[in-house]
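The values are calculated or read from the model by the stated rules, or taken from the named source; none is laboratory data. This one's a predicted model, so the numbers in the text were calculated from it and none came from an experiment. When we count neighbours, we look across all protein chains shown, and the Cβ atoms used for this are built from the backbone with ideal geometry, even at glycine. Accessible surface areas use protein heavy atoms only, side chains included; no ligands, DNA or RNA. Shrake-Rupley method; radii C 1.70, N 1.55, O 1.52, S 1.80 Å.
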Amino acid sequence: MEASTFLINTAGGAGGALFVSAPALGAIRVAITASKCRFTRNTAGSSVFERGSTTDSGCGGAVAATSTPKYRAMAVLEAAQLQQQQQEATAAANGSSSSSSGSNNSSSSTNGGPEAAALAYLDSACSLLVSGCVFEDNVALSNGGAVSVVSCPARVDRSSFARNAGKSGGGLSSRVESQEAVSATPATTEQQQQQTRRRAQQQQQVLLQKPSESNPWLQVWDSNFANNTATGPCGGGLHVEFGRGESARIARCYFSGNAAPSAGSGGAVCLQALGSSGRAEVADCNFSGNSAAELGGGVLAELAGSGGGHHLLLSRLVMSADAAGRAGGAVALASVSASSVLALQDSSISGSSAAQGGAVYAQCRGGSSSSSSSAGTAGTGAAAAGGCSSGVGYDVLRMDKTRISQCMARAGSGGGLYLAAGTTARVRDCVFTANTASASGGGVRGTDCARLSLERVWVRGGSADQLGGGVASTCAELLVLNGSSIVNNSALTGGGLALSGPAAAATADGTSSRPATVTITDATIAANRASPQAAGGSGSNSNSTGGRQAVYVRYGGHGGGAFIAGNVSVLLRGVDMSVGNLAVTGSAVASTQQGCLPGAAGGDDACAQQLILQDVRLPVQEVRRGKGITGARSRACERGAASCCYQHCAEWNIP
């Protein structure tokens, strides 16, 4: 199709203007090409006859292309092969020549038989190329408001999608067949052995012929998605399923004003991994003003395919003013399987908002997010019970060289980044500027996260109404802050940092949970402020500040640089806290740890919660007045002491 116009066409089934169903196993090869065409106000699907005549009824408001899934075709092949074997056995029993049967079988395998057919299908029975086309005001009752492709490789370039609507993928939906092989009827032992051999052989063929990184299954580039709507689960602009050998790449595209308003997620893009070892990339794209009712105003990632090992790369993105109703104003990682990774790098996010995770939100699996309820009790310790990582040092979220600014957690925590229970993350060379949270963690919030590493990270100008204007963490295992700068942040408690660990209550086996470990090295913590006024409060010990409920008012104004509470051990080494931190109590550090009493049996080694300062620069006057570090049961520490574990003992260098 070239330079053609399709206007106000309607199909009760799929494809308002065009529907192509390719036969199984490459019996013929179907190639669909649309160049410089315009598709306007076409409709697919019927509210009266919702199913229509195909399983893809209602997909593709303008164009729909589908191919028979290979595993369904495999079941047909297996049944045909079994029938052939039974016929041969019957013929042999009747005295037919076995050599003739063998010859016929060999000829069948060579000329379009099961093996040849399976090999042909690996190159796909259909393909779709869309170049320089315009899709406007098309509607699909099911997926793909403008275009729907199922199990067909597709390439879309220099095209425009505007004001289209569909259940998932308001503009474009690309789905792949199920990654699970299911037989139509119960298989005998002999059938199971045949299926195992055939599938093993096919897997080898897929490995040899799977698409390369430069030629993914789905390619979308230099295209514009504007004001499209997902009426169902996800993908206001674009909905993509990807898996092993069925990768996806979206590059140099613009997404603006797309929405998933009806309890939907992924306002602009929804990416869902199936099976195992899926690869997808979104690069050099701009996102502006996209929205979702639930997760991911800009991008939703679901990496929970059953086999794990998925990798999604988001690189060189510019995202502004995206919004989500629940979490992840710009990007949301909603679910993760073993060894799967979401990487965000060389990107910029600004002005995004959500109830939690104003810019980026990550959780292990679906379900409602939650925030910590108090400073002294750090949550449920859910991370200790499992999580979504695949071993020590494995991070499901990796952020590199990304700038997040002026993002907001409207009704919760994590103005820039929010990590839910069990997640692990590594953040390197990133900048968080002027992000805000109505609860905790103006820049970064980890709620019962397993591990969080912040390396060479700048957190500046953040604010939170409760805890941690810069960073608030209740990670169950480890928080590492290395070579970073926490400057000019403010909160009711813990102007720069608010640190605690998992709840100290008994676990299921009757033992108390181990304290979390926080290591802060070679860092600058300066000009942070903790005061009731910092959060708009009144400064009194009432139950409210500035008209809002003040859960942490008991410790209001504690810890200008850092506030430490609960089941956590903290080491600060080579940290400069000497300049500009302000607080009513503990301008540099305030601690409410339940440490050991002086002279406790077993000495320092028996202490569960330690606060150790080594080569830490504190304000001169504050040190001499005993105000630089404060705690509930403090004791004077001698200079030169290696460590003390009751309340705050320190080794410092006075400037």
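Observations on the model:
- Enumeration of residues in segment 215-271 that are touching an Asp or Glu at 6+ places or on another chain (Cβ under 6 Å) and closer than 16 Å to residue 319 by Cα: 251, 252
- Per this entry, residue 429 is counted among residues that are acidic (Asp, Glu) and either open to solvent by less than 10 Å² (accessible area, probe 1.4 Å) or touching an Asp or Glu at 6+ places or on another chain (Cβ under 8 Å) (or both).
- Residues in segment 240-299 that are open to solvent by 40 Å² or more (accessible area, probe 1.4 Å), closer than 22 Å to residue 158 by Cα and either small (Gly, Ala, Ser) or without any contact (Cβ under 8 Å) to a residue 24 or more places away in the chain (or both): 2 in all.
- Residues within segment 40-49 that are polar (S, T, N, Q) and at pLDDT 95 or above, tallied: 3
- Qualifying residue in segment 459-468 (condition: open to solvent by less than 10 Å² (accessible area, probe 1.4 Å), part of a strand (DSSP E or B) and within 17 Å of residue 520 (Cβ to Cβ)): yes
- Test for residue 456: is it open to solvent by 20 Å² or more (accessible area, probe 1.4 Å), within 18 Å of the chain's Cα centre (by Cα) and over 17 Å from residue 352 (Cα atoms): no
- The residue that is nearest to residue 29 (Cα to Cα), counting only those in segment 138-149 that are out of contact with any Ser or Thr (no Cβ under 6 Å at 6 or more places or on another chain) and modelled with pLDDT of 95 or more, is 147.
- Any hit, segment 108-123, residues being under 32 Å from the mean Cα position of the chain (by Cα), among the hydrophobic types (A, V, I, L, M, F, W, C) and either modelled with pLDDT under 85 or in a loop (DSSP other than H, G, I, E, B) (or both): yes
- Residue within segment 578-599 that is in contact with a helix residue (DSSP H, G or I) (Cβ under 6 Å, 6 or more places away or on another chain), at pLDDT 90 or above and open to solvent by less than 30 Å² (accessible area, probe 1.4 Å) present: yes
- Qualifying residue in segment 27-39 (condition: surrounded by 22 or more Cβ atoms within 10 Å (Cβ to Cβ) and modelled with pLDDT under 95): no
- Identity of the residue in segment 219-228, of a type outside the set (A, V, I, L, M, F, W, C) and buried (at least 24 other Cβ atoms within 10 Å of the Cβ), that ends up farthest from the chain's Cα centre (by Cα): 223
- Selection of first residues in segment 474-495 that are on the phi > 0 side of the Ramachandran plot and open to solvent by 10 Å² or more (accessible area, probe 1.4 Å) and of second residues that are at pLDDT 95 or above and not basic (Lys, Arg), restricted to Cβ pairs under 7 Å at least 6 apart or on distinct chains, gives the following pairs, ordered by first then second residue: 483/455; 483/522; 483/523; 488/461; 488/527; 488/528.
- If you go through segment 303-350 and keep only what is open to solvent by 40 Å² or more (accessible area, probe 1.4 Å), in contact (Cβ under 8 Å) with a residue 40 or more places away in the chain and not hydroxyl-bearing (Ser, Thr, Tyr), you end up with 304, 307, 326, 338, 345, 346.
- Residue within segment 69-92 that is open to solvent by less than 60 Å² (accessible area, probe 1.4 Å), closer than 30 Å to residue 141 by Cα, at pLDDT 75 or above and of a type outside the set (Gly, Ala, Ser) present: no
- Residue 409 buried (at least 24 other Cβ atoms within 10 Å of the Cβ), in contact with a strand residue (DSSP E or B) (Cβ under 7 Å, 6 or more places away or on another chain) and touching a residue at least 40 places away in the same chain (Cβ under 8 Å): yes
- Filter result (open to solvent by 10 Å² or more (accessible area, probe 1.4 Å) and either of a type outside the set (Ser, Thr, Tyr) or free of Cβ contacts under 8 Å to residues at least 12 places away in the same chain (or both)) within segment 394-406: 395, 398, 400, 401, 403, 406
- Selection count, segment 150-171, where residues are of a type in the set (A, V, I, L, M), over 15 Å from residue 231 (Cβ atoms) and at pLDDT 95 or above: 2
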